[in-house]
Structure formats: structure tokens, C-alpha cells
Amino acid sequence: MSALRGKRALVTGAARGIGRACAVALAEAGAKVTCVDIAPPEPLNGAVFTTEISDPQAVTTLFDKAGPQDIVINAAGILIEAPTLEADLDTFDLQIAVNLRGSFLVARAALIGMAAQKHGRLILIASELAHLGRAGFAGYCASKAGVIGLTRALAREFAPDVLVNAIAPGPTDTAMLSAQTMSPEALALETQNPLGRIARPEEIAAAAVFLSGPGGSFMTGQTICPSGGAVML
Ligand SMILES: NC(=O)c1ccc[n+]([C@@H]2O[C@H](COP(=O)([O-])OP(=O)(O)OC[C@H]3O[C@@H](n4cnc5c(N)ncnc54)[C@H](O)[C@@H]3O)[C@@H](O)[C@H]2O)c1
């Protein structure tokens, strides 16, 4: 498969999970992939960078070094289960900082090069929980709903040259979805969708490859929701 042959791609959150699966899938489709994460990522067929995406200077330096890209996927993110009346404000702020501010910073830095070259595909990773809401996850849901609004605004601002879309995955088999991060009650909800299971990361990456390639050429401002039917829009 070579639909993305010759394309330059950069993926954040590429050390593991959905970001890693997206990076691998883009490379398999022919792109040269730069892998970025706060934890040092294993290289694929391009450069690697260790970057904190909520730090403006770090993100500027990243794109200065990586150069302009054809495809950027921002998959880095965090989830903290935090019942609203018990959680401290730092928990809320941290999720907004990484998930929403980080998305904005990566998007803005990517769009400098994409606007100049008059083409690009920018993909932000939201969550089905932006649509569904979930008790105990107010900060996470708010941050991911923000990502969807950000996607729509950027899609309008950078049309027609740059296509900006989001993927709002349902529960996916990664370290984020584990007993380390979520209560048994929250985990039990994750298979309650029409397909009755969680996703493999590759099933989310398939949406990213679609949005990056020829098939996604008339898509902008959209949020694709591979959620096993939990969300039907
Ligand atoms: N797993 C799910 O069920 C699920 C569902 C919906 C949405 N998502 C979203 O998908 C994305 C990927 O999640 P995942 O499941 O692969 O999680 P994960 O925890 O396995 O991977 C997240 C990656 O992001 C990196 N990261 C975290 N904070 C960072 C920062 N500040 N700067 C740079 N890198 C950072 C981590 O080091 C890690 O490698 C996230 O945005 C997440 O919110 C996941």
C-alpha cells in the first residue's frame, strides 16, 4: 500500500497506544514518519523527538527542527478520573493543558508550514466522551469537547488549503484504558456499545490513514467517531 508515498508526517503520542498505531500505519502507507512523545519514542522510518506538547517553546523548537509536514496527527493526551467534588483544580488544569492547549500548540505550529505550502492534513484526537460525557471525567470530557471546537474553527480558518479533522475514538486497548487510570466501574462501561467490545489501536489508525489520504480529500471540520456505535451522529 503506497497511498501516502513521499508524504512527510509527524505524529505526537507516538511512543505507544493510538499514536504509535497511527505512526506505524502511516509508515506502512508510504509516509516518512517523525515520531514525537514526552517519553522517548522508538524510531520508525523518520526522526524522533522527545517533546512536551503543552510547552509552547518546546513545540516551536520541534517544528523548527522537523520542518514542514504534509500530515500531522496530535495523539498525545492524558486521562485522569476525578470526581468533580473531590478533585483539585490542578487535575482539571493539567488535562486542559495537555489535551486542549497541547492540541492548539501542535496545530498552530503545524499550520505555519501547511499554510505556507498551501496544503496539509491536520488530525486531532478527541474522544467519544466529548459527545457522551461521563461521570467522574469532567476535565477530560471538557478538554476533548474543546478539541472538537478547535477542529471546526481551524478547518474554516485554513480552508481550502489545509484539511483539519478530528477522530473521537471509543474505548481502545491501550495503557490509558487500564486499572491504573480508571476505576472498575468506569472500565465496566467501556464495552457497552453496539459492537460489545473495545477497539484495537489499529482500528483507530485506519481512520487516520483515511483522513490523511486521497479518500479524505472532501473532508474538513469533521469528527469521525470509531466507537463501536456508542456514538451515532
Ligand atoms: N485509549 C482509549 O480508550 C482512548 C479513547 C478515546 C480517546 N483517546 C485519546 O487517544 C489519544 C492516545 O491515547 P492512548 O490511548 O494511546 O493513550 P496512551 O497513554 O497509551 O498514550 C498516550 C501517549 O501520549 C504521550 N503523552 C502524554 N502526555 C504528553 C505530553 N504532555 N507531551 C507529549 N506526549 C505526551 C504519552 O507518553 C503516551 O505515549 C489520547 O489523546 C487519548 O485521550 C484514547
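Observations
- Scan of segment 84-137 for residues that are more than 16 Å from the ligand (Cβ to nearest atom) and acidic (Asp, Glu), ordered by number: GLU86, ASP88
- Residues (in a helix (DSSP H, G or I), within 11 Å of the ligand (Cβ to nearest atom) and not hydrophobic (A, V, I, L, M, F, W, C)) located in segment 138-169: TYR140, SER143, LYS144
- Test result for LEU44, of a type outside the set (Gly, Ala, Ser), buried (at least 24 other Cβ atoms within 10 Å of the Cβ) and more than 12 Å from the chain's Cα centre (by Cα): no
- Among the conditions (1) modelled with pLDDT under 95; (2) under 26 Å from GLU202 (Cβ atoms), the only one that LEU122 does not satisfy is (1).
- Flag if GLY120 is farther than 20 Å from ALA138 by Cα and touching a residue at least 12 places away in the same chain (Cβ under 8 Å): yes
- For the residues GLY113, GLY67, the requirement of being on the phi > 0 side of the Ramachandran plot, of a type outside the set (Lys, Arg) and in contact (Cβ under 8 Å) with a residue 24 or more places away in the chain singles out GLY67.
- The residue that is nearest to the chain's Cα centre (by Cα), counting only those in segment 182-220 that are exposed (fewer than 15 other Cβ atoms within 10 Å of the Cβ), within 16 Å of the ligand (Cβ to nearest atom) and part of a loop (DSSP other than H, G, I, E, B), is ARG200.
- Of the numbered criteria (1) modelled with pLDDT of 95 or more; (2) out of contact with any Asp or Glu (no Cβ under 7 Å at 6 or more places or on another chain); (3) surrounded by fewer than 17 Cβ atoms within 10 Å (Cβ to Cβ), the one ALA115 fails is (2).
- Extreme residue, surrounded by the fewest Cβ atoms within 10 Å (Cβ to Cβ), among residues of segment 1-18 that are within 12 Å of the ligand (Cβ to nearest atom) and either of a type in the set (S, T, N, Q) or in contact (Cβ under 8 Å) with a residue 60 or more places away in the chain (or both): ARG16
- Selection count, segment 49-90, where residues are touching a Lys or Arg at 6+ places or on another chain (Cβ under 9 Å) and among the small types (Gly, Ala, Ser): 5
- Odd one out for ASP37, checked against (1) away from the ligand (no atom under 14 Å from the Cβ); (2) under 15 Å from the mean Cα position of the chain (by Cα); (3) not basic (Lys, Arg): (1)
The values are calculated or read from the model by the stated rules, or taken from the named source; none is laboratory data. Because the structure is a prediction, the values reported are computed rather than measured. Every residue, glycine among them, receives a Cβ derived from its backbone with ideal geometry; neighbour counts consider all protein chains shown.
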